[in-house]
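Everything on this sheet refers to the single structure shown next.
The values are calculated or read from the model by the stated rules, or taken from the named source; none is laboratory data. Everything numeric in this text was worked out from a predicted model, so none of it was measured. Here the Cβ is made from the backbone with ideal geometry for all residues, glycine too, and neighbour counts use every protein chain on show.
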Amino acid sequence: MYDNIVLIGFMGSGKTSVGKSLARKLYKDFVDVDTVIEAEQNSSVTDIFKNKGEEYFRLLEQKCINELTQNKGQIIATGGGLPIYSSIPEKSLIINIDADFDVILDRLSKRERDKRPLLQDESSARALFDERIDTYRELANFSVDANQIIPTFIHVIYDYILDKRVL
Ligand code: S3P
């Protein structure tokens, strides 16, 4: 029924950590869109934003998710803007990692914040969060409350996936 599981959610909500953990549990491949783009461009997301602009980065995201979803059986973590600017190919089970903005801010180290150009200014990041949150929830087949540490909610996602018999 579904070819892949695609994780969406705001920056720093834990998509990559959740994805790695799920992939281990389900014996599936894990791929992270930002990491694939950085490897292909041989450049960090920050430098792509700086040198080529956000619009260019958004094109790379669409191309990347289209290419990745040619394969099946993967857990794919997306960047926070991907579902806003790109369409996620059909046959993807979309799971929203749903954490509050303040929880996200508390969780991120300075190093993790520095990697994210759109998280540099707190008030504009908060506005972005408010702008996007409904879209994440609407697009998702399932939203998981991610306000606690991963081990407390990973089994909720795992049970949902097993129940749906996907992948
Ligand atoms: C972005 C999220 C980032 C990265 C880029 C833009 C966004 O990924 O793709 O900095 O627009 O929300 P993470 O969600 O993994 O931080």
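Does residue 6 satisfy the criteria of being more than 17 Å from residue 116 (Cβ to Cβ), in contact (Cβ under 8 Å) with a residue 12 or more places away in the chain and under 13 Å from the mean Cα position of the chain (by Cα)?
Numbers: more than 17 Å from residue 116 (Cβ to Cβ): yes; in contact (Cβ under 8 Å) with a residue 12 or more places away in the chain: yes; under 13 Å from the mean Cα position of the chain (by Cα): yes.
Against the criterion (more than 17 Å from residue 116 (Cβ to Cβ), in contact (Cβ under 8 Å) with a residue 12 or more places away in the chain and under 13 Å from the mean Cα position of the chain (by Cα)), residue 6 qualifies.
Which members of the stretch 40-63 meet the condition of being under 29 Å from residue 149 (Cα atoms) and outside any loop (DSSP other than H, G, I, E, B)?
45, 46, 61
Applying the selection to the stretch 1-34, what residues are assigned to a strand (DSSP E or B) and not aliphatic (A, V, I, L, M)? Before the answer, list the steps.
The first filter runs over the stretch 1-34 and keeps only residues assigned to a strand (DSSP E or B), leaving 4-8, 29-32.
Correct list: 4, 29, 30, 32.
Can residue 137 be described as within 13 Å of the ligand (Cβ to nearest atom), part of a helix (DSSP H, G or I) and surrounded by fewer than 19 Cβ atoms within 10 Å (Cβ to Cβ)?
Taking the combined requirement at face value, the residue does not satisfy it.
From 102, 130, which residue is in a helix (DSSP H, G or I), more than 14 Å from the chain's Cα centre (by Cα) and under 16 Å from residue 14 (Cβ atoms)?
102
Does any residue of the stretch 76-85 turn out to be β-branched (Val, Ile, Thr) and assigned to a loop (DSSP other than H, G, I, E, B)?
Quick first cut of the stretch 76-85, residues β-branched (Val, Ile, Thr) only: 76, 78, 84.
Among the residues that remain, those that are also assigned to a loop (DSSP other than H, G, I, E, B) are: 78.
Yes, there is a match, as at least one residue in the stretch 76-85 is β-branched (Val, Ile, Thr) and assigned to a loop (DSSP other than H, G, I, E, B).
Residues checked against (1) of a type in the set (Phe, Trp, Tyr); (2) modelled with pLDDT under 95; (3) out of contact with any strand residue (DSSP E or B) (no Cβ under 9 Å at 6 or more places or on another chain); (4) within 23 Å of residue 134 (Cα to Cα):
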{"site": "1", "(1), (2), (3), (4)": "no, yes, no, no"}
{"site": "14", "(1), (2), (3), (4)": "no, no, no, yes"}
{"site": "41", "(1), (2), (3), (4)": "no, no, yes, no"}
{"site": "46", "(1), (2), (3), (4)": "no, no, yes, no"}
{"site": "56", "(1), (2), (3), (4)": "yes, no, yes, no"}
{"site": "74", "(1), (2), (3), (4)": "no, no, no, no"}
{"site": "103", "(1), (2), (3), (4)": "no, no, yes, yes"}
{"site": "115", "(1), (2), (3), (4)": "no, yes, yes, no"}
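Looking at the stretch 1-47, which of the residues that are polar (S, T, N, Q) and touching a Pro at 6+ places or on another chain (Cβ under 9 Å) is farthest from the ligand (Cβ to nearest atom)? Working first, answer last.
Going through the stretch 1-47, the residues polar (S, T, N, Q) turn out to be 4, 13, 16-17, 21, 35, 41-44, 46.
If we keep only those that are touching a Pro at 6+ places or on another chain (Cβ under 9 Å) too, we end up with 4, 21, 46.
Numbers: 4: 17, 21: 15, 46: 7 Å.
For the stretch 1-47, the residue satisfying everything is 4.
Could you check the stretch 105-134 and list, in sequence order, the residues that are within 12 Å of the ligand (Cβ to nearest atom) and small (Gly, Ala, Ser)?
Within the stretch 105-134, 124, 125 qualify.
I need a count of the residues in the stretch 64-104 that are surrounded by fewer than 20 Cβ atoms within 10 Å (Cβ to Cβ) and within 13 Å of the ligand (Cβ to nearest atom).
4
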